[in-house]
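Notes follow the structure.
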Amino acid sequence: MPQRTACKGMRAAGGPCGSAVVLASGFCFLHDPTRAADRAAASVKGGRGKARIARAERLVPDAMRPVLRLLMDAMTETHAGDLDPKVATALAALAGAVARIYASAGIEAQLADLEAQIATLTRRGA
């Protein structure tokens with residue numbers, strides 16, 4: 001019976017990893033020094049599926065999602081030096097104006113709903 005080979009890496013707590021070696025380097029995926037970029041990419045991909053992120057995205061109205069994506073892309077491009085910060089500032093200002101309009105419309109809709117509820121209750125004599 002072949003002997004099980006363990007990862008040569010060490011756990012953060014100081015003990016040996018113990019995972020089955022899956023790479024020729026003698027390390028598991030998490031400890032292989034040549035796979036750092038792959039681990040980072042997997043971490044980012046995993047983070048996108050987190051429940052709190054998904055919940056936050058659902059709070060953004062459908063019509064505002066393209067604006068949010070545009071701003072997120074602009075932020076990344078500005079950080080990378082591919083987009084002039086003045087353009088990003090202008091986009092942020094415009095997006096802020098759009099967001100204020102959506103917020104105002106939401107408040108108006110809530111107010112109209114409350115007024116209708118009050119009118120219904122008043123007619124009932126409550």
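The numbers here are math on the coordinates, done by the rules we state, and not lab data. The structure displayed is predicted, hence computed values, not measured ones.
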*So for segment 60-126, what percent of the C-alpha to C-alpha distances run longer than 14 Å?*
68
*Once the Cα atoms of the chain are picked out, what are the Rg and Dmax in Å?*
26.3, 86
*State the extension gain, in nm to one decimal, for the chain segment bounded by S43 and I118, taking 0.36 nm per residue of separation less the distance between their alpha-carbons.*
21.9 nm
*Normalised contact order of the chain, rounded percent, pairs of Cα under 8 Å and 6 or more residues apart*: 11
*Given the rule -39500 (n - 2.57) for each run of at least 4 DSSP H residues, summed and divided by the residues of the chain, what is its mean residue ellipticity at 222 nm, to the nearest 500 deg cm²/dmol?*
-21000 deg cm²/dmol
*Once you have the alpha carbon radius of gyration of segment 21-93, what is it after dividing by 2.2 N^0.38 Å, with N set to its residue count?*
1.59
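Within the chain, which complete DSSP H helices have Cα atoms spanning at least 30 Å along the helix axis and a mean Kyte-Doolittle hydropathy of 0.5 or higher? The partial results should precede the final answer.
On the way: long enough: 85-124 (58 Å, 0.57).
Within the chain the helices that satisfy the rule are 85-124.
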